[in-house]
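First up is the structure itself, then whatever we jot down about it.
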Amino acid sequence: MTDQRPEQSDPHVLDQPWRIWSTIAVMGIVLVGILLGVIVIPVVQGRSAGIDAFTAICRALGILPGSPAVPQFTDRTPPTPVSQVVWNSDVLRILARADVAKGKAKVQEVCIACHGEKGVSVAPQYPHLAGQSGAAIYKQLHDYRTGSRVNPQMADIAKALDESVIADVAAYYAGQPQRNLNPVTLAESKPAIIQLVELGDPHRNIPPCAACHRAGAGGPIEAPVLAEQGDEYLVQQLKLYASGQRRNDVYGRMRLIASRLTDDEIKGLAAYYRAGFR
Amino acid sequence: MSDTPHELQESRILRTELLWAFGVGIFVAASLSMIVFTALTIKINPPSNVERIDPKTLHLSGEFAEQNLGTTVFGDGTVIVRAIATQFMFVPQCIAVPANRRVTLRFASPDVLHGLLITGTNVNTMVVPGFVAQVHTEFTRTGDLLMPCHEFCGQGHSEMWATVQVLPADQFKPGPDGRVSCAQR
Amino acid sequence: MRNADRLCLAHFWVAFGAFLFACVLGAWQMWVRSPLGAKIGTPGEYFMSVTAHGVSMAYVLTTFFIMGFGYFVAVTALNRPLPGLIWAWAAFWMGILGVVLALISIGSGQASVLFTFYPPLTANVWFYVGLVLVVAASWVWCVLMLVAMREWKVDNPGRPVPLAMFATVANAVMWLWTTIGVAAELVFQVIPASLGLVQTIDVGMSRTLFSWTLHAIVYFWLIPAYIAFYTMAPRAAGGRLYSDTMGRLTFIMFLIYSLPVGMHHLLMDPEHGNGTKFIQVLLTAFVAAPTLLTIFTITASMEIAGRLRGGRGVFGWIAALPWERPMVLAIGLAFVMLGFGGFGGIVNMAYGMNAMVHNTSWVTAHFHLIFGGSVVIMYFAIAYEIWPRLTGHDHPSLAPLRIQLWLWFIGMMVMTLPWHWLGLQGQWRRVANFNYADPIIAAWGPWVVVSLVGGLVLLVSAILFVRNLVVLHRSSVQAIARPLYALAVHPPKRVPAALNGFGLWNVLVLVLMILAYGFPIAQFVIEPSPAAIVHRVR
């Protein structure tokens, strides 16, 4: 054991070099990092790409978009959108504050003729709306207004409604109870259809229907509830998506999926949901 | 202590530890030097692009509206791919790119977090709602590549993937509007 | 040890119970995503299982084990009763409540957001509240560790804090620093969104806050294993610790360099500039240093033991080590896995190489190997070592312990090495079922099955582990009092305050965090990211 002189065993004297050197070491390391990462690398990279040093450093910090090594692309071409509905806080607030009583009054005035007072439609070509997602109804009415979804009957009706009335009607139908049909047991459904609903088909890029259309799955806000929907209507809509005639699904997801389903699958899925499976 | 073996004298222990620590320092410096060297010479960077974009209005207008998606060749020859990552598919589902030419891929998400990689290439990026993800690359081999979504985005994550067709120059022909679509096979 | 015996055992049983449960889930998950279980298990079930597996392994097993082990060290290394025992028990029950809330939320399908809970996917609020309660319980533990060390120092002025306790408190300090990130994310962003108080979330901010926690949390898990390396393994092998000072420096370096590096989990994200990423990559390279230094110091300590037992020649001491002792066997196996896993870590840190492996099975392989492998095997060894002291019984036989450790090692290598390979080929993560009809994916099938076999071996090992502990409880063999902690070759009489406390290091950590994370977080305050709509998973 080396002998220690008395003043060297005083912790204060022992300690000072540690404080000094460790601070120098740690600060030195991080300052080298800052120097290299924020200054040297971006400036050198920018030089051969014709990007000036200041821009390169701003990009390295993230103050400007782009890479310090590559010129940044800028071009904007504004075309026509497929749906004008934007899910931001304002819209969600309007939906949350909807007045069900006003919605019922409007329904009794207008919608009841085809969709029924309780949301059970009067004829197979009109969809049931009982228990449908409020956001889904809101979006479709909105899309009818703007022409994103084409239907001459609904276009006139929707144009006569304003924003808050649309929300009221949506909230009213969303609150109508579904009939809670007792579906036939799963064992009697075709396994191929159940598989499409639960597992999708990765080979055809088809996600499980349940991933979006089952309540609480965490999928898109506007995904409609399919359970208990009329099968004639479902088949018709899937075929319209497949041909591209219906095009208000944002980013064409339903158009793509529907175009990859076979006719048997379309019929089978419609029957599955009509039977009341969720 | 006189009966401590030479190797275990305090000064000797200190010396071996310092020697090893010096070696560790060399290792750390070497790893970092490799990163700095590749950054300075062949411009290796992580896919950073602090470009904000509103996920809620992506589909309305501007760069990521539906009609703009896919591969476009601009007048000056730059090849830009724009794609959307959404629950649960990439749009477009097939992307055509040229071989041996710089391509800039730009992605945005209107909903949740996604991520993607292109097999056999250095394209790998997260797609964070609120930002445009951008990757610059050059595809060196022709053929069909797989581009899966590699970050959990919900129940349909497992079925979310796209195809990237790397076309040789003679097959990569832009239309009059500069657009290139996948070859039908 | 009496006053804290039951406290420690309670924590350990919760930890290992969660561990066994998670192993069963893990094996099921592996089967379902392999070609053998291709059409089984819906995505809903799979992601529920992944969430439960992740929460159990990453939050329950770890936090409860570390708390229990910390209480044990505070009592045995400092040789005094644990201060604030009532608080420790209150924290334990708060943690239990948190675990129950989280598991119920997950089990009811309302929290399938994975243990990394990526907003804007948002679960039931009780899931997050449960996790907050577990973290709060661990904060009570941190305070008790600091109090215990402080009280010991007051009673022992000028003496060096025993290394095991110094390291435990370093871990506690690091944990307090690192949980700030996830706590801020939960309290200010995710819980309000889950309650419906806000409808949107700034995803750039939430990812950055979470990344703050992400690296140091794995060192929080790792440090107890290193405590065993430095203070228990040399004693178990019959040797001495080569350098006490190097031990202290190692834990200090973990404290400094594991905190300001979280952004290396965001290397592939667009929302941070490459310069700010580079700073954290450079600091990440330095966090490799304490591990490399540890390998030298512990190997030297083992060599002392080997030569004392008559080993001769350059490598003869290796064979002379008492490999029949579980702690010695575990450290050997841990070092092998640390070698592979550490190499993977260097690859991940270099962003050019990271681009080849991010979010592929390579990442899954890396953290299963380094955490599930080297760290958890040391948790087993620690449990085997200290259980006799806690219960008064000893193991009737060491053979089942060694078999269990070997099975864990073999299972982990067989499971993770194919995953590394598959990751390089592009196999991506978090998939409930693969499309084995695709030719690229079909080629991966056989390797996935090999991994599955590894996973089943791990399940057997996990069951055997719990069985060994149960057997110990019932054993009629009396535990012999044996020293637990190793002596250094030159036990220090005095150490500088810098190596005996954390005042200086806390200041440096603060400066580093400001330099590394200051701007990256401030940029979202100055200009918030366009917010994304909350997607509720209910």
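Of the numbered conditions (1) hydroxyl-bearing (Ser, Thr, Tyr); (2) touching a Leu at 6+ places or on another chain (Cβ under 9 Å); (3) within 19 Å of residue A:49 (Cβ to Cβ), residue B:104 fails exactly one; give the number of that condition.
Of the numbered conditions (1) hydroxyl-bearing (Ser, Thr, Tyr); (2) touching a Leu at 6+ places or on another chain (Cβ under 9 Å); (3) within 19 Å of residue A:49 (Cβ to Cβ), the odd one out for residue B:104 is (2).
Name the strands (runs of 3 or more DSSP E) wholly within the stretch B:1-113 that hold at least 3 residues that are within 10 Å of chain A (Cβ to nearest Cβ)? Steps first, please.
Details: elements: B:70-73, B:79-86, B:89-91, B:94-98, B:102-108.
Correct list: B:79-86, B:89-91, B:102-108.
Residue check: is residue C:337 at pLDDT 95 or above, of a type outside the set (Val, Ile, Thr) and touching a Gly at 6+ places or on another chain (Cβ under 6 Å)?
Values: at pLDDT 95 or above: yes; of a type outside the set (Val, Ile, Thr): yes; touching a Gly at 6+ places or on another chain (Cβ under 6 Å): yes.
Answer is yes for this residue.
Right, residue A:52: at pLDDT below 90, over 32 Å from the mean Cα position of the chain (by Cα) and surrounded by fewer than 18 Cβ atoms within 10 Å (Cβ to Cβ) or not? Reasoning before the result, please.
Numbers: at pLDDT below 90: no; over 32 Å from the mean Cα position of the chain (by Cα): yes; surrounded by fewer than 18 Cβ atoms within 10 Å (Cβ to Cβ): yes.
When the stated conditions are applied, residue A:52 does not pass them.
Any residue at all in the stretch A:206-228 that is within 14 Å of chain B (Cβ to nearest Cβ), modelled with pLDDT of 90 or more and over 27 Å from residue C:200 (Cα atoms)?
yes
So is residue C:509 within 14 Å of chain A (Cβ to nearest Cβ) and among the aliphatic types (A, V, I, L, M) or not?
Numbers: within 14 Å of chain A (Cβ to nearest Cβ): yes; among the aliphatic types (A, V, I, L, M): yes.
So residue C:509 passes the test.
Conditions tested, residue by residue: (1) over 21 Å from the mean Cα position of the chain (by Cα); (2) modelled with pLDDT of 95 or more; (3) over 24 Å from residue C:118 (Cα atoms); (4) surrounded by fewer than 23 Cβ atoms within 10 Å (Cβ to Cβ).
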position: C:199; (1), (2), (3), (4): yes, no, no, yes
position: C:209; (1), (2), (3), (4): no, yes, no, no
position: C:213; (1), (2), (3), (4): no, yes, no, no
position: C:220; (1), (2), (3), (4): no, yes, no, yes
position: C:229; (1), (2), (3), (4): no, yes, yes, no
position: C:238; (1), (2), (3), (4): yes, no, yes, yes
position: C:243; (1), (2), (3), (4): yes, no, yes, no
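Any chance the stretch C:156-175 includes a residue that's out of contact with any helix residue (DSSP H, G or I) (no Cβ under 7 Å at 6 or more places or on another chain) and assigned to a helix (DSSP H, G or I)? Break it down stepwise before answering.
Of all residues in the stretch C:156-175, those out of contact with any helix residue (DSSP H, G or I) (no Cβ under 7 Å at 6 or more places or on another chain) come to C:156-157, C:159-160.
Next cut, assigned to a helix (DSSP H, G or I) only: none.
No.
Consider residue A:70 carefully, then state whether it is within 14 Å of chain C (Cβ to nearest Cβ) and either modelled with pLDDT of 95 or more or touching a strand residue (DSSP E or B) at 6+ places or on another chain (Cβ under 8 Å) (or both).
Judged against the criteria, residue A:70 is a match.
Can you name every one of the helices (runs of 4 or more DSSP H) wholly within the stretch C:182-267 that holds 1 or more residues which are closer than 30 Å to residue B:11 by Cβ and of a type in the set (A, V, I, L, M, F, W, C)? Show your work before the answer.
Numbers: elements: C:191-195, C:203-227, C:233-237, C:244-257.
Correct list: C:203-227, C:233-237, C:244-257.
For the stretch B:153-179, give me the residue count where each residue is in contact (Cβ under 8 Å) with a residue 24 or more places away in the chain, within 22 Å of residue C:440 (Cα to Cα), at the interface with another protein chain (Cβ under 10 Å from one of its Cβ atoms) and of a type outside the set (Asp, Glu).
6
Looking only at residues that are within 16 Å of residue C:149 (Cβ to Cβ) and of a type in the set (Gly, Ala, Ser) in the stretch C:59-96, which one is surrounded by the fewest Cβ atoms within 10 Å (Cβ to Cβ)?
Only one residue tops the list, namely C:84.
Return yes when residue B:142 is modelled with pLDDT of 95 or more, touching a strand residue (DSSP E or B) at 6+ places or on another chain (Cβ under 6 Å) and among the β-branched types (Val, Ile, Thr) and no when it is not.
Details: modelled with pLDDT of 95 or more: no; touching a strand residue (DSSP E or B) at 6+ places or on another chain (Cβ under 6 Å): yes; among the β-branched types (Val, Ile, Thr): yes.
Judged against the criteria, residue B:142 is not a match.
Go through the stretch A:198-208 residue by residue and tally those that are surrounded by 23 or more Cβ atoms within 10 Å (Cβ to Cβ) and either within 18 Å of residue A:267 (Cβ to Cβ) or touching a Gly at 6+ places or on another chain (Cβ under 7 Å) (or both).
Result for the stretch A:198-208: 3.
Just checking, which of C:203, C:187, C:198 is in contact with a Gly (Cβ under 6 Å, 6 or more places away or on another chain) and more than 29 Å from residue A:28 (Cα to Cα)?
Working: C:187 fails: in contact with a Gly (Cβ under 6 Å, 6 or more places away or on another chain); C:198 fails: in contact with a Gly (Cβ under 6 Å, 6 or more places away or on another chain).
Exactly one of C:203, C:187, C:198 is in contact with a Gly (Cβ under 6 Å, 6 or more places away or on another chain) and more than 29 Å from residue A:28 (Cα to Cα), namely C:203.
Across the stretch C:455-467, what is the number of residues that are surrounded by 22 or more Cβ atoms within 10 Å (Cβ to Cβ) and touching a Leu at 6+ places or on another chain (Cβ under 9 Å)? Walk me through it before giving the result.
Narrowing the stretch C:455-467 to residues surrounded by 22 or more Cβ atoms within 10 Å (Cβ to Cβ): C:455, C:458, C:461-462, C:465.
From what is left, the residues that are touching a Leu at 6+ places or on another chain (Cβ under 9 Å) are C:458, C:461-462, C:465.
Qualifying residue count for the region: 4.
Are any residues in the stretch C:27-36 touching a residue at least 24 places away in the same chain (Cβ under 8 Å) and part of a helix (DSSP H, G or I), and if so, which ones? Quick ask: steps written out before the conclusion?
Initially, the stretch C:27-36 is screened for residues touching a residue at least 24 places away in the same chain (Cβ under 8 Å), giving C:27, C:29-36.
C:27, C:29, C:30, C:31, C:32, C:33, C:35, C:36, listed by residue number.
Output the number of the condition that residue C:264 fails; it satisfies all remaining conditions of (1) more than 14 Å from chain B (Cβ to nearest Cβ); (2) farther than 15 Å from residue C:163 by Cα.
(1)
Any chance you could count how many residues in the stretch A:155-179 are in a helix (DSSP H, G or I) and of a type in the set (D, E, K, R)? Walk me through it before giving the result.
Narrowing the stretch A:155-179 to residues in a helix (DSSP H, G or I): A:155-159, A:163-175.
With the extra rule that they be of a type in the set (D, E, K, R), the set shrinks to A:156, A:159, A:163, A:168.
Qualifying residue count, the stretch A:155-179: 4.
Return the only residue of C:424, C:369 being within 30 Å of residue B:159 (Cα to Cα) and either surrounded by fewer than 19 Cβ atoms within 10 Å (Cβ to Cβ) or of a type in the set (Asp, Glu) (or both). Full working, then the answer.
Numbers: C:369 fails: either surrounded by fewer than 19 Cβ atoms within 10 Å (Cβ to Cβ) or of a type in the set (Asp, Glu) (or both).
None of the other options fit; the residue is C:424.
For residue A:83, only one of the following conditions fails: (1) surrounded by fewer than 19 Cβ atoms within 10 Å (Cβ to Cβ); (2) under 27 Å from residue A:274 (Cβ atoms); (3) modelled with pLDDT under 80; (4) not basic (Lys, Arg). What is its number?
(1)
Could you please find all residues in the stretch A:112-135 being buried (at least 17 other Cβ atoms within 10 Å of the Cβ) and touching a Gly at 6+ places or on another chain (Cβ under 9 Å)?
A:119, A:121, A:126, A:127, A:128, A:129, A:130, A:131, A:132, A:134
Could you list, in sequence order, the residues of the stretch B:119-152 that are more than 13 Å from chain A (Cβ to nearest Cβ), over 23 Å from residue B:52 (Cα atoms) and surrounded by 24 or more Cβ atoms within 10 Å (Cβ to Cβ)?
Scanning the stretch B:119-152 gives no hits.
Table: residues versus (1) at pLDDT below 65; (2) part of a helix (DSSP H, G or I); (3) of a type in the set (Lys, Arg); (4) within 60 Å of the chain's Cα centre (by Cα).
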site	(1), (2), (3), (4)
A:4	yes, no, no, no
A:8	yes, yes, no, no
A:14	no, yes, no, no
A:17	no, yes, no, yes
A:20	no, yes, no, yes
A:24	no, yes, no, yes
A:27	no, yes, no, yes
A:35	no, yes, no, yes
A:41	no, yes, no, yes
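Would you say residue A:175 is surrounded by fewer than 22 Cβ atoms within 10 Å (Cβ to Cβ) and free of Cβ contacts under 8 Å to residues at least 12 places away in the same chain? Step through it out loud before you land on a result.
Working: surrounded by fewer than 22 Cβ atoms within 10 Å (Cβ to Cβ): yes; free of Cβ contacts under 8 Å to residues at least 12 places away in the same chain: no.
It is false that residue A:175 is surrounded by fewer than 22 Cβ atoms within 10 Å (Cβ to Cβ) and free of Cβ contacts under 8 Å to residues at least 12 places away in the same chain.
The values are calculated or read from the model by the stated rules, or taken from the named source; none is laboratory data. Computed from a predicted structure; not experimentally measured. Neighbour counts are summed over all protein chains in view; Cβ atoms, including those assigned to glycine, are modelled from backbone coordinates with ideal geometry.
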